[in-house]
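Working notes, beginning with the structure itself.
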Amino acid sequence: MRFSVIQSIPEVVAHLDLVLPDEVNPDIAKSALTQARQRLGRAPLAQLFAMSSACWDERHQVGRSWRGLARYAMDGSTLRTSDSAENREHFGAQAYPDGVVASYPQVRLLTLTALATHLVRDAVFGIYGKNEMLYAKDLLAQVPDHSLTVLDKGFFSANLLLLLQTKGQQRHWLIPAKGNLKWERLDPKGNDYRVRMAVSPQARKANPELPLFWEARAIETISRHGRKRILLTSLMDTKAYPAKEIVHQYEERWRIETSYREIKQELLGSQMTLRSGTPETVYQEIWGALLAYNMVRLEMAEVAAEAQVSPTLLSFTTALHYLRHEWGWMAIEAPAKLPAHLTRLRNRLGDLLLPTKRGRTCPRVVKKPPQRYQFKIVKVLK
């Protein structure tokens, strides 16, 4: 059975039994709630997310680093918005080669997600037509020192990777090489070697501070599907950072895809679009969703710390259902009963643990979308 987690603001107000300090007419009209939300805007939620996300991530990076480095993934996704004229004009939508434009306006979203906990460290989002590289540059300033950021090959750029590597202390990156990438091999033997690459004239024109050449470490590996893959990284010390462990860190990159699935399907209830009809409220809604997602992931990290297990071994779906139920009661219960609710929630840890799956090397695999309707396969006999 699937539980919907989407509630309108009037439903939340009714559940919390909120009223106005008016003895004659204490009820809050729906129009007043809409106007209050519009007055609030996006800035308070964006600021609250920024203040909490960094604090929560730093708290739960302790004891979960890899060779002294906190691990993150950076990747992008999209969200559909309601098809209002304002949203379509502001955000735009995907245009297909045949000239057809997508049915709904779309928001481009990039996040910096902690691999150890799935907590979203930071996020940038906005118009669909803006290149992901530009959004990625906006996220670079939020990458902590002493960290490893894993990226998809679509983000390969000398400008982006060198900015990440040089504008901070021990900020490393890991990315698969594109098939057409050219380099000079500096080590003659082995599957773990240094390479030197030329920076393109276009990149140096856009950023004159870039060097003519730059070096990286290349690691050749075979995927579990038998395909050859070459990983490039700024982790040049082969003794401090063994190749086998680096390959494993790249395999963990899929956790950010899992977090996008959890936000879209579980937290937002697989809704076709976001609810908001104006760009300002769309931004506000997304900040609210990211904040809510981090609150669930924070509680999962706290529970995992008490049980001395990895937060990624807990079920997000089950945790979301438990938390929604318990937090709903906490909001209207007497303060003295709050510890009992928290204790009951933490005691149900056994229900949150995911079962061990044999032969699984990664928690996320590409699956065929489920069929909406049943169908039969008919064999024709000749």
Residue 194, sole failed condition from (1) within 29 Å of residue 117 (Cα to Cα); (2) open to solvent by 20 Å² or more (accessible area, probe 1.4 Å)
(1)
Identify the residue in the stretch 47-94 that is part of a strand (DSSP E or B) and either closer than 15 Å to residue 281 by Cα or among the acidic types (Asp, Glu) (or both) and, among all such residues, is nearest to the chain's Cα centre (by Cα).
75
When only residues in the stretch 213-237 that are among the β-branched types (Val, Ile, Thr) and either surrounded by 15 or more Cβ atoms within 10 Å (Cβ to Cβ) or within 25 Å of the chain's Cα centre (by Cα) (or both) count, which is farthest from residue 147 (Cα to Cα)?
221
Suppose we filter the stretch 264-279 for residues that are of a type outside the set (Ser, Thr, Tyr), part of a loop (DSSP other than H, G, I, E, B) and touching a helix residue (DSSP H, G or I) at 6+ places or on another chain (Cβ under 9 Å); how many remain?
5
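Pick out, from the stretch 280-382, the helices (runs of 4 or more DSSP H) lying fully within it that include 2 or more residues that are at pLDDT below 90 and loosely packed, with under 12 Cβ neighbours inside 10 Å.
338-347
Looking only at the stretch 75-107, filter to residues that are of a type in the set (D, E, K, R) and exposed (fewer than 12 other Cβ atoms within 10 Å of the Cβ); which one of those is modelled with the lowest pLDDT? Explain how you work it out, then say what you get.
We begin by selecting, within the stretch 75-107, every residue of a type in the set (D, E, K, R); these are 75, 80, 83, 86, 88-89, 98.
Subsequent filtering for residues that are exposed (fewer than 12 other Cβ atoms within 10 Å of the Cβ) retains 89, 98.
Numbers: 89: 95, 98: 83.
So, considering only residues that are of a type in the set (D, E, K, R) and exposed (fewer than 12 other Cβ atoms within 10 Å of the Cβ), the one modelled with the lowest pLDDT is 98.
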Matching residues in the stretch 25-46 (outside any helix (DSSP H, G or I), of a type in the set (A, V, I, L, M) and either at pLDDT 85 or above or exposed (fewer than 15 other Cβ atoms within 10 Å of the Cβ) (or both)) number 1
Looking at (1) at pLDDT below 95; (2) more than 21 Å from residue 143 (Cβ to Cβ); (3) not small (Gly, Ala, Ser), which one does residue 193 not meet, given that it meets all the others?
(1)
Failed criterion for residue 208 (all others in (1) at pLDDT 90 or above; (2) in a loop (DSSP other than H, G, I, E, B); (3) closer than 30 Å to residue 297 by Cα hold):
(3)
In the stretch 238-263, the residues that are open to solvent by 70 Å² or more (accessible area, probe 1.4 Å) and assigned to a helix (DSSP H, G or I):
244, 248, 251, 254, 261
Would you mind stating whether residue 169 is over 16 Å from residue 75 (Cβ atoms) and not hydrophobic (A, V, I, L, M, F, W, C)?
yes
What are the pairs with Cβ atoms under 8 angstrom where one residue, in the stretch 213-236, is without any contact (Cβ under 8 Å) to a residue 12 or more places away in the chain and the other, located anywhere, is crowded, with 17+ Cβ neighbours inside 10 Å and outside any loop (DSSP other than H, G, I, E, B)? Sequence gap at least six, or different chains.
228/221
Of everything in the stretch 225-273, what is charged (D, E, K, R) and under 25 Å from residue 110 (Cβ atoms)? Give them in sequence order.
229, 251, 252, 253, 255, 257, 261, 262, 264, 266
So, first residue assigned to a strand (DSSP E or B) in the stretch 98-125, second residue surrounded by fewer than 18 Cβ atoms within 10 Å (Cβ to Cβ) and of a type in the set (D, E, K, R), Cβ within less than 6 Å, six or more apart or across chains; the pairs are 124/138
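The values are calculated or read from the model by the stated rules, or taken from the named source; none is laboratory data. Here the structure is a predicted model, which means the values were calculated and not measured. Because the Cβ atoms are built from the backbone with ideal geometry, glycine has one as well, and the counts that use them run over all protein chains shown. All accessible areas refer to the heavy atoms of the entire protein, side chains included, with ligands and DNA or RNA removed. Shrake-Rupley method; radii C 1.70, N 1.55, O 1.52, S 1.80 Å.
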